[in-house]
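Undergrad: Following this message is one structure expressed as structure tokens.
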Amino acid sequence: MKRKRLKIFEKAFGVVLFSSSTVTSLTVLFIIIFLFNEGIGLFNSTPVEQKYKFIVSNDNTVKELTSKQLKDIFNYDITNWKQVGGKNDSIILFTINDLSTYFTDDELGANFENLPSKINELIKKQPGILAYLSDKYVPSQLEGHVLPLTKITVKEFVTGKEWYPTSKPAPQFGVLPLILGTLWVSLGAILIALPLGLATAIFMAEVASQRLRNILKPIIELLAGIPSVVYGFFGLVVLVPLIQHLFNLPVGETALAGSIILGIMALPTIITVSEDALRTTPTSLKEASLALGATRWQTITRVTVPYARSGITAASILGIGRAVGETMAVLMVTGNAGVIPHTFLEPVRTIPATIAAELGEAPFGGLHFKALFALGILLFLITFIINTSVELIKTRKKS
Amino acid sequence: MKDTDTIQINEKDTLTYNGLHKAEAKNVNLFYKDFHALKNINLVVKPNTVTALIGPSGCGKSTFLRLFNRMNDLIDGVKITGDVMLEGRNVYGKDIIVDELRKSVGMVFQKPNPFPKSIFENVAYGLRVNGFNHKDKMEDIVERSLIQAALWDEVKDKLKKSAYELSGGQQQRLCIARALAIEPSLILMDEPASALDPLSTSKIEELIYDLKDKYTIIIVTHNMQQAGRVSDYTAFFYLGELIEFDKTKTMFINPQNVKTQNYITGRFG
């Protein structure tokens, strides 16, 4: 009887363990699928707001416009249909704001009920017209045709240099400045954190006495426990004004500020992982080196660090991983200008900061919303590559 | 301690090295925190001899060996009293620079511990850290050391290969070559064959015998037969004390102390 109860208990225990891991795996899978599902949508969409259309006259031979061309047209950088592959005819823009220049209030009627027919007239009159209209004003018997827009491609998304997701009527979804911003800030962070972290790790693993190490270790672990928004505060209040004064800049919110803050945040990871790696160097190798008359520094540089090389590489990649994904602190100190940076003393905007700052304003299910999810995919891929390379380095070391 | 070839230990004549005592311990005590690990050890090592240190585990023989190149310094809480002399100089004297001292004492460890570098670089390591970088001479020294360590014929075609590609026995001979390259005046061996198969062990033993012509060797061993085969003198340690020190032949045939006798005949240990 007792035996049977025990058996049932064991079985139940097994079921609990199995279901926990299943739930965990499914959750992760679900999040990834959700991310891709939302983000991929961007590449099936045309860069025009829902329920709006671009109308041209039937004489117009232009087949498609990209969002970039559209933006140039609305900025008057392109003024002739010839420039986008059509007839030699100047482009006449028409949006709902231009109503009063063409029609009087009486002509349109009290509730704009005459507007669709008036638009038909206008299209006939002006063969070079490009009208941007809400669906409800498009005439049912349209005398012109709807001009389709090119779908957003992955290449356009990744290499596009302009990120104006809310610009109307032609939003721009080029994320190159954001990718570069992320890379700049992360690269700067690792340049700051790696020498400092490695030196600290060597000090703790090889030089410091047990007592000093027992004091240092909790301090470094404390560094990992500080919420990122607090780092952001520190950066904003101390670092940003300091950089502004030091380099005599108009604003202190720069890539450099982000790099320094991220560098500090990546320190605990780098120190802990490299210290562990340094500790795996066998005592027998260090003794062999010392017994041959090598000094402590020679032993560290010629034996200990080379032996721990792969662990140190893993530490720095993990540090970069932390820097790439960090949101809050970077959002607070980098100035968030979505332009391609040329020096560390310019404001930049990173991918996570963009998502955090804009998701609240993006209409649910809209293009902007989808574009932010596509950014999420990009970030996921970057961190995935980083984590995979850490695993590869680790397994390569074992074999 | 009873030494048949007694060399009278005199405070004064150790100040001028007379060539008779390669290495010497005088009233050496070693404490590891509160633990008294070596108790008043007196021992003289003559040039071009092999001295075996035997005794049960934890008797202090490895600790004693590591006095001569100050490897005990690496452990926290070690306190040493008495004098350890190497060629007439006090190893623990104020004027001694530890790195310099270790250049004149080679050490071979229990397990083969080559560096994760090429065979060539392993042998060259000791020279490189001492600032020696002459390319041609370096090649000569590496070759000579490998020949002395009876490894040259086996590795001469693959000096650039990783030392980890060698067998355990070859690795240990590589470690011996590495120690020989810095031309030490004393070689310390801490159970150099304990991790090796019988064939490799006998090669190492032959090597130790050959090296005696040029070097002075102190070897820690657990293997009585090995001590009998390779050493000229044997010191028996027990619980931190030097129980007996004598010519190996004398000690193995006619031990003075009953503890030595019991240990040698395998009744305990």
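Undergrad: Are any of the residues in the stretch A:136-151 modelled with pLDDT of 80 or more, closer than 25 Å to A:GLY366 by Cβ and either among the acidic types (Asp, Glu) or in contact with a Gly (Cβ under 6 Å, 6 or more places away or on another chain) (or both)?
TA: No: the stretch A:136-151 contains no residue that is modelled with pLDDT of 80 or more, closer than 25 Å to A:GLY366 by Cβ and either among the acidic types (Asp, Glu) or in contact with a Gly (Cβ under 6 Å, 6 or more places away or on another chain) (or both).
Undergrad: Are there any pairs with C-beta distances below 8 angstrom linking a residue in the stretch A:323-336 that is within 10 Å of A:THR354 (Cα to Cα) to a residue that is charged (D, E, K, R) and assigned to a loop (DSSP other than H, G, I, E, B), with the two at least 6 apart or on different chains, and if so which?
TA: Short answer, once both residue conditions are applied: A:ASN336/A:GLU253; A:ASN336/A:ARG349.
Undergrad: In addition: Please tell me if B:TYR125 is surrounded by 23 or more Cβ atoms within 10 Å (Cβ to Cβ) and within 13 Å of chain A (Cβ to nearest Cβ).
TA: In short, yes.
Undergrad: Could you tell me which of the residues A:ILE243, A:ILE260, A:ILE317 is open to solvent by less than 10 Å² (accessible area, probe 1.4 Å) and not charged (D, E, K, R)?
TA: On the way: A:ILE260 fails: open to solvent by less than 10 Å² (accessible area, probe 1.4 Å); A:ILE317 fails: open to solvent by less than 10 Å² (accessible area, probe 1.4 Å).
On inspection, the qualifying residue turns out to be A:ILE243.
Undergrad: Among the residues of the stretch A:123-154, write down those that are open to solvent by 40 Å² or more (accessible area, probe 1.4 Å), of a type outside the set (Lys, Arg) and free of Cβ contacts under 8 Å to residues at least 60 places away in the same chain.
TA: A:TYR137, A:SER140, A:GLN141, listed by residue number.
Undergrad: Continuing with the same structure: Return the residues of the stretch B:86-110 that are of a type outside the set (A, V, I, L, M, F, W, C) and farther than 20 Å from B:ALA181 by Cβ; say none if nothing qualifies.
TA: If the condition is that a residue be of a type outside the set (A, V, I, L, M, F, W, C) and farther than 20 Å from B:ALA181 by Cβ, then B:GLY88, B:ARG89, B:ASN90, B:TYR92, B:GLY93, B:LYS94, B:ASP95, B:GLN110 are the ones that fit.
Undergrad: In the stretch B:78-98, which residues are among the hydrophobic types (A, V, I, L, M, F, W, C) and assigned to a strand (DSSP E or B)?
TA: B:VAL78, B:ILE80, B:VAL84, B:MET85, B:LEU86, listed by residue number.
Undergrad: Out of (1) open to solvent by 70 Å² or more (accessible area, probe 1.4 Å); (2) in contact with an Asp or Glu (Cβ under 6 Å, 6 or more places away or on another chain); (3) within 14 Å of another protein chain (Cβ to nearest Cβ), the odd one out for B:LEU74 is which?
TA: Every condition holds for B:LEU74 apart from (2).
Undergrad: Run B:ILE96 past the list (1) within 9 Å of chain A (Cβ to nearest Cβ); (2) open to solvent by less than 40 Å² (accessible area, probe 1.4 Å); (3) without any contact (Cβ under 8 Å) to a residue 40 or more places away in the chain and report the number of the one that doesn't hold.
TA: Status for B:ILE96: all satisfied but (1).
Undergrad: If you go through the stretch A:258-298 one residue at a time, how many are at the interface with chain B (Cβ under 8 Å from one of its Cβ atoms) and either in contact (Cβ under 8 Å) with a residue 60 or more places away in the chain or not in a helix (DSSP H, G or I) (or both)? Before you say what the answer is, go through the steps one by one.
TA: Just the residues of the stretch A:258-298 that are at the interface with chain B (Cβ under 8 Å from one of its Cβ atoms), to begin with: A:282, A:284-285, A:287-295, A:298.
If we keep only those that are either in contact (Cβ under 8 Å) with a residue 60 or more places away in the chain or not in a helix (DSSP H, G or I) (or both) as well, we get A:282, A:292-295.
The qualifying residues number 5.
Undergrad: Next up: Identify all residues within the stretch B:128-144 that are more than 9 Å from chain A (Cβ to nearest Cβ) and not β-branched (Val, Ile, Thr); write none if there are none.
TA: B:GLY131, B:PHE132, B:ASN133, B:HIS134, B:LYS135, B:ASP136, B:LYS137, B:MET138, B:GLU139, B:ASP140, B:GLU143, B:ARG144
Undergrad: Something else: Pick out, from the stretch A:73-147, the strands (runs of 3 or more DSSP E) lying fully within it that include 1 or more residues that are among the aromatic types (Phe, Trp, Tyr).
TA: A:92-95, A:129-134
Undergrad: Could you please find all residues in the stretch B:99-122 being more than 7 Å from chain A (Cβ to nearest Cβ), assigned to a loop (DSSP other than H, G, I, E, B) and open to solvent by 10 Å² or more (accessible area, probe 1.4 Å)?
TA: Matches in the stretch B:99-122: B:SER104, B:GLN110, B:PRO112, B:LYS117.
Undergrad: Can you find even one residue in the stretch A:247-254 that is in the same structural domain as A:VAL303 (by TED's automatic domain parsing), surrounded by 17 or more Cβ atoms within 10 Å (Cβ to Cβ) and free of Cβ contacts under 8 Å to residues at least 24 places away in the same chain?
TA: Checking the stretch A:247-254: at least one residue is in the same structural domain as A:VAL303 (by TED's automatic domain parsing), surrounded by 17 or more Cβ atoms within 10 Å (Cβ to Cβ) and free of Cβ contacts under 8 Å to residues at least 24 places away in the same chain.
Undergrad: Among the residues of the stretch B:34-48, is any of a type outside the set (Asp, Glu), open to solvent by less than 10 Å² (accessible area, probe 1.4 Å) and part of a loop (DSSP other than H, G, I, E, B)? Walk me through how you get there before you give the answer.
TA: Filtering the stretch B:34-48 down to residues of a type outside the set (Asp, Glu) leaves B:35-48.
Pick out the ones that are also open to solvent by less than 10 Å² (accessible area, probe 1.4 Å) and you get B:38, B:41, B:43, B:45.
The next check asks that each one be part of a loop (DSSP other than H, G, I, E, B); those that pass are none.
Scanning the stretch B:34-48 turns up no residue that is of a type outside the set (Asp, Glu), open to solvent by less than 10 Å² (accessible area, probe 1.4 Å) and part of a loop (DSSP other than H, G, I, E, B).
Undergrad: Quick one: which of A:MET332, A:MET328 is over 30 Å from A:ILE393 (Cα atoms) and open to solvent by 30 Å² or more (accessible area, probe 1.4 Å)? Give the derivation first.
TA: Details: A:MET328 fails: over 30 Å from A:ILE393 (Cα atoms).
A:MET332 is the lone residue from the list that is over 30 Å from A:ILE393 (Cα atoms) and open to solvent by 30 Å² or more (accessible area, probe 1.4 Å).
Undergrad: Oh, and also: Taking B:ALA227, is it touching a residue at least 40 places away in the same chain (Cβ under 8 Å), assigned by TED's automatic domain parsing to the domain that holds B:GLY60, open to solvent by 20 Å² or more (accessible area, probe 1.4 Å) and under 17 Å from the mean Cα position of the chain (by Cα)?
TA: no
Undergrad: Go through (1) open to solvent by 20 Å² or more (accessible area, probe 1.4 Å); (2) outside the structural domain of B:LEU53 (by TED's automatic domain parsing) for B:ARG178 and report which single condition fails.
TA: So B:ARG178 meets the others, but not (1).
Undergrad: Quickly run through the stretch A:208-238 and pick out the residues that are hydrophobic (A, V, I, L, M, F, W, C) and within 14 Å of chain B (Cβ to nearest Cβ).
TA: A:ALA208, A:LEU212
Undergrad: What is the number of the single condition among (1) more than 23 Å from A:GLY144 (Cβ to Cβ); (2) surrounded by 13 or more Cβ atoms within 10 Å (Cβ to Cβ); (3) of a type in the set (D, E, K, R) that A:LYS82 does not meet?
TA: Single failed check for A:LYS82: (1).
Undergrad: Out of A:SER45, A:SER67, A:SER57, A:SER19, which single residue is surrounded by 10 or more Cβ atoms within 10 Å (Cβ to Cβ), among the polar types (S, T, N, Q) and more than 30 Å from A:PHE94 (Cα to Cα)?
TA: Exactly one residue qualifies, and that residue is A:SER19.
Per-residue answers, yes or no, for (1) open to solvent by 70 Å² or more (accessible area, probe 1.4 Å); (2) in a helix (DSSP H, G or I):
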residue	(1), (2)
A:GLU156	no, yes
A:ALA170	no, no
A:PRO177	no, yes
A:LEU183	yes, yes
A:ILE190	no, yes
A:ARG211	yes, yes
A:LYS217	no, yes
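The values are calculated or read from the model by the stated rules, or taken from the named source; none is laboratory data. The structure displayed is predicted, hence computed values, not measured ones. Quick reminder, even Gly has a Cβ in these numbers, built from the backbone with ideal geometry, and neighbours come from all protein chains shown. For the accessible areas, the whole protein counts, side chains as well, though only heavy atoms, and no ligand, DNA or RNA atoms are used. Shrake-Rupley method; radii C 1.70, N 1.55, O 1.52, S 1.80 Å.
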